[in-house]
Amino acid sequence: MKKKIGVILSGCGVRDGSEIHEAVFTLLAIDKHGAESVCIAPDMEFSEVNHLTMQETGAKRNVLQEAARIARGNIKDIKNVKGAELDAIILPGGFGAAKNLCNCAEKGADATVHPEVARLLKEMASAGKPIGAICIAPVLVAVTLGEELSPKLTIGNDPATAAEINRTGSLHVECPVTEFVVDREHKIVSTPAYMLAERISETAEGIEKLVREVINLI
């Protein structure tokens, strides 16, 4: 039976949702390594950003509906997903991970996490199931699990973001874009992706390695 990997999406688009390249590379790598993706998102509103001007439009969109674009409609409301149903979970980056799934973009280490996202992450961690976090998403993991687990995580080498991770009780580890950091004790894997990437191929390489390691840890 194929391993089921939950992929938590936060919308559709780098400035207000999931980073599309990162999300698609995650889904592709999961399939290439013989596992099954289970796309998940919260049913909530967010502020739309025009991706030509990178400015907020004043309009609102729905995270679950927008994430369904990436998932080709095959997606579940996170409130209906339990950790027991999954073998691992991965969070692509994009500003949605730091604005919609939590408010880390605004409050850093003092952020609060969407309650259903926090619940699912804690269920996975308590069951010893692997968690993968890409780009800015390790900050969300640090805020959720830092005080309890003090995991090792990376967002690459940005000093300000690394400092916020360390403030949660987690430990930031510098990492090049095409590699990953693994906390084997807690089965948490992270990679910088577009926190560092200057080429799309660099992002793909790091995510491919992260997905392979997450599956190996199951």
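A few remarks follow.
- Answer residue from region 36-67, given it is within 18 Å of the chain's Cα centre (by Cα) and in contact (Cβ under 8 Å) with a residue 40 or more places away in the chain and is surrounded by the fewest Cβ atoms within 10 Å (Cβ to Cβ) among those: Met44
- Single residue of region 84-108 satisfying the filter (among the small types (Gly, Ala, Ser), in a helix (DSSP H, G or I) and within 16 Å of the chain's Cα centre (by Cα)) that is surrounded by the fewest Cβ atoms within 10 Å (Cβ to Cβ): Ala105
- Inspection of region 179-192 finds no residue satisfying the criterion of being farther than 19 Å from Leu91 by Cβ, part of a loop (DSSP other than H, G, I, E, B), at pLDDT 95 or above and not charged (D, E, K, R).
- Of the residues in region 191-209, none is more than 26 Å from Ser37 (Cβ to Cβ), crowded, with 19+ Cβ neighbours inside 10 Å and aliphatic (A, V, I, L, M).
- Filter result for the condition that a residue is free of Cβ contacts under 8 Å to residues at least 24 places away in the same chain and on the phi < 0 side of the Ramachandran plot, over Arg167, Arg72, Arg119: Arg119
- Residue match in region 202-218 (condition: touching a strand residue (DSSP E or B) at 6+ places or on another chain (Cβ under 6 Å), part of a loop (DSSP other than H, G, I, E, B) and in contact (Cβ under 8 Å) with a residue 40 or more places away in the chain): yes
- Complete set of residues in region 63-83 that are part of a helix (DSSP H, G or I) and more than 22 Å from Phe95 (Cβ to Cβ): Lys79, Asn80, Gly83
- Qualifying residue in region 117-125 (condition: surrounded by fewer than 20 Cβ atoms within 10 Å (Cβ to Cβ) and of a type outside the set (D, E, K, R)): yes
- Subset of region 68-82 that is out of contact with any Pro (no Cβ under 6 Å at 6 or more places or on another chain) and of a type in the set (Val, Ile, Thr) - its residue that is surrounded by the most Cβ atoms within 10 Å (Cβ to Cβ): Ile70
- Those residues of region 12-40 which are touching a strand residue (DSSP E or B) at 6+ places or on another chain (Cβ under 6 Å), of a type outside the set (A, V, I, L, M) and within 13 Å of Leu101 (Cα to Cα), in sequence order: Asp16
The values are calculated or read from the model by the stated rules, or taken from the named source; none is laboratory data. What you are looking at is a predicted structure, and each value in this text was computed from that prediction instead of being measured. Note: ideal-geometry Cβ built from the backbone for every residue, glycine included; neighbour counts use all protein chains shown.
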